[in-house]
1. Against the longest principal axis of the chain, how steep is helix 148-162, in degrees 0 to 90 to the nearest 10, with axes from Cα atoms?
2. What number, in nm² with one decimal, is the all-direction average of the projected area of the convex hull of the alpha-carbon atoms of segment 40-199?
3. Report the residue, chosen from 126, 180, 277, that carries the largest GNM mean-square fluctuation when the chain is represented by alpha-carbon nodes joined by springs under 10 Å.
4. Relative contact order for segment 33-161: what percent, with Cα pairs under 8 Å and sequence separation of 6 or more?
5. To the nearest 10 degrees, how steeply does helix 327-339 sit against the main Cα axis of the chain, on a 0 to 90 scale?
6. Given an 8 Å cut-off on Cα distances and at least 6 residues of separation, report the relative contact order of the chain as a percent.
7. Across segment 1-68, what fraction of all alpha-carbon pairs, as a whole percent, falls in each successive 5 Å bin from zero upward?
8. With an 8 Å Cα cut-off and a minimum separation of 6 or more residues, compute the relative contact order for segment 255-341 in percent.
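Please treat every number below as a calculation from the coordinates, not as lab data. All of these numbers come straight from a predicted model, not from anything done at the bench.
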């Protein structure tokens, strides 16, 4: 096997998946093993690395297993971004239209006039200007603030425009084409002592939904994104332009954010918990083209096109509690870069 081997796509109907020896594609096997052990020592239950689709490393600890799904927290946002792209290609929505056209009138706690100034793209870029209770905080597009409510309501919108339960439609357009047979949307229950209307959205307090999936299904999704929406030559997400936009800086308020994706921008970034913009890359140890689906408890899907690499991780918090990232991201990628094939100066 050589580094130029074509991308491999695992079969849809079973868990069979080709593997590859690190040395065959220029990676240092001992250093990869050290990175895998590091992940295991940091509360991971499951960890996988793909090189051009083939498994470079895979390990499970404690409660993790190939067929055991888990809620991947806010890493689900990037999956919803792709579903929005599919709906856009089907002409079910317009990113530049007022989001009331997608969500229905009266979805927020603001005036009709203010609501009409909030576009669907503001939801994807976390720039609605709304507070968590959907009241007015600022004009749309003037501030970046990580808002779970303005995100979760997008899934209500998808059900509204497709006239289908979200899991049913997602299964048809994404889970089945990729062979993600252990993935589903599941209603979350509020933690003890938390009122239902705090853990829900919409006038009828429909519960937030979690995306429950396995490590290998996460890797399948990452592999789709590494191939810009194509799976084994066929377009699963036909709108490649949308996907490219989704993993590019979407606005200057937080250059490290695309359409519900985190980006390793080399300029500056803003973290979710009301922090000021920080200078430098989002992950100083990783290549500039890295983009990520990130969730609480360090649920991770990393895609790095320059290394032909997809990495996914499940578990509980690997390091200090953090919003979107922790020191685990930087430390893991420092180890992965040490194991990676040498690249000539200026290579991308």
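1. 80
2. Mean shadow area of the hull around the Cα atoms is 12.0 nm².
3. 277
4. Relative contact order comes out at 16 percent.
5. 30
6. 21
7. Histogramming segment 1-68 at 5 Å steps yields 4, 16, 24, 22, 19, 12, 4, 0 percent.
8. Numbers: 153 pairs, mean separation 19.4, N = 87.
Reported as a whole number, the value is 22 percent.
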